[in-house]
Amino acid sequence: MDSFCNYAKGRWVADTRRPLYSGFGCKQWLSPMWSCRLTQRPNFLFEGYRWQPENYDVPEFDPSAFLRKMQNKTIAFIGDSLGRQQFQSLMCMVTGGDESPEVENVGWEYGLVKARGAIRPDGWAYTFPKTNTTILYYWSASLCDLEPLNITDPLTNIAMHLDRPSAFLRRFLYKFDVLVLNTGHHWNQGKLNANRWVMHVDGKPSKDKQFREVVDAKNFTVYNVVRWLDSQLVSHPRLKVFFRTLSPRHFANGDWNSGGSCDNTVPLRGGSEVVQEGSSSDPIVEGALNGTKIKMLDITAISQLRDEAHMSRYTSSGISNSSDCLHWCLPGIPDTWNELLVAQI
């Protein structure tokens with residue numbers, strides 16, 4: 001965080017120049033499931049706001065200025081599906097949501113090729129040829145290294161090495177100029193069981209007592225990844241690393257699997273202002289970054305005010321019984337995360 005500017009303190013203001021791209025467009029990059037304009041959602045008031053930090057004007061996002069600033073550079077998002085939302089948001093912002101046939105798919109350079117039978121590749125990478133700017137995303141929901149215990153068995157358990165950053169990050173770090181990490185929502189027993197992830201430390205299964213709560217394992221991993229990256233900055237002097245804080249969920253009256261919902265459609269019903277002094281609403285990330293050169297992209301409190309901007313129960317195929325109060329409509333809140341990121345690059 002720049003000493004003179006706390007980007008996380010300020011307020012949401014209505015802005016007629018929003019959104020930055022059309023929710024009907026950007027089909028090249030934007031997953032249809034997150035295009036709320038393509039659903040039966042009846043109102044889109046949430047699209048018309050921007051974040052105004054207290055003592056600082058965020059420059060209006062200018063795609064060509066961004067590409068010039070990122071000439072011959074690579075920006076990488078590594079994290080979970082909310083990191084993927086931030087990546088898709090930036091692709092839409094940089095292209096203005098217009099068809100951009102000149103943008104090259106360079107996923108093969110990073111091994112991001114769809115495996116047989118996979119729903120999708122583990123990530124995407126695209127280069128804007130005029131400025132040789134690459135934007136990429138890699139799916140690593142926990143940020144730690146995942147290693148199948150038995151590669152010949154498709155149902156094998158997977159070692160989740162809490163003290164080792166993902167192999168992709170270690171392998172390609174030298175190619176990145178800006179790196180944005182996030183993790184959080186996969187750290188629960190249900191996800192670990194469903195993924196058959198078994199916690200390992202020092203190359204061995206971790207002793208049960210070490211991490212009584214999954215959140216302790218998350219904390220341990222975030223600290224380890226941050227310490228490793230901080231140690232790498234000496235040999236990668238041009239690299240800027242940001243750790244994005246937790247994207248808030250807004251389930252009311254239950255959770256995602258027990259009838260929880262987020263049906264409010266009125267923007268800023270709970271207030272428009274964040275007045276927090278100093279500390280972040282994500283103490284795990286804030287604590288891990290303390291004393292390092294890694295910057296915090298602090299979006300938790302500002303996104304907390306925007307419960308109306310989630311997918312809710314609207315899907316491309318109709319209106320669903322269950323609600324998604326975790327992912328955001330695009331265009332939407334992740335665009336603001338990117339504006340704050342670009343202001344700090």
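Points worth noting:
For (1) closer than 22 Å to Val215 by Cβ; (2) among the charged types (D, E, K, R); (3) assigned to a helix (DSSP H, G or I); (4) open to solvent by 30 Å² or more (accessible area, probe 1.4 Å), each residue gets a yes or a no:
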site	(1), (2), (3), (4)
Leu246	yes, no, no, yes
Arg249	yes, yes, no, yes
Trp256	yes, no, no, yes
Arg269	no, yes, no, yes
Ser280	yes, no, no, no
Ser303	yes, no, yes, no
Glu308	no, yes, yes, no
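- Ser312 passes every criterion in (1) outside any strand (DSSP E or B); (2) at pLDDT 95 or above; (3) small (Gly, Ala, Ser) apart from (1).
- Whichever residue in the range 178-204 is in a helix (DSSP H, G or I) and among the small types (Gly, Ala, Ser) and, among such residues, is nearest to Lys295 (Cα to Cα): Gly190
- Pairs with Cβ under 6 Å, 6+ apart, first in the range 132-144 and aromatic (Phe, Trp, Tyr), second in a loop (DSSP other than H, G, I, E, B): Trp139/Asp122
- Here is the figure for the range 48-93: residues that are charged (D, E, K, R) and part of a loop (DSSP other than H, G, I, E, B) total 6.
- Complete set of residues in the range 186-215 that are at positive phi and either open to solvent by 90 Å² or more (accessible area, probe 1.4 Å) or in contact (Cβ under 8 Å) with a residue 60 or more places away in the chain (or both): Asp202
- Filtered residue count, the range 89-99, keeping only those that are open to solvent by less than 10 Å² (accessible area, probe 1.4 Å) and not hydrophobic (A, V, I, L, M, F, W, C): 1
- Of the candidates Val226, Val241, the single residue that is assigned to a strand (DSSP E or B), closer than 17 Å to Phe77 by Cα, open to solvent by less than 60 Å² (accessible area, probe 1.4 Å) and touching a residue at least 40 places away in the same chain (Cβ under 8 Å) is Val241.
- Subset tally (residues that are open to solvent by 10 Å² or more (accessible area, probe 1.4 Å) and outside any loop (DSSP other than H, G, I, E, B)) for the range 289-299: 3
The values are calculated or read from the model by the stated rules, or taken from the named source; none is laboratory data. As the structure is a prediction and not an experimental result, all values here were calculated from the model. Using ideal geometry, Cβ is built from the backbone for each residue, glycine included, and neighbour counts are taken over all protein chains shown. Calculation scope for accessible area: heavy atoms of the full protein, side chains included, ligands and nucleic acids excluded. Shrake-Rupley method; radii C 1.70, N 1.55, O 1.52, S 1.80 Å.
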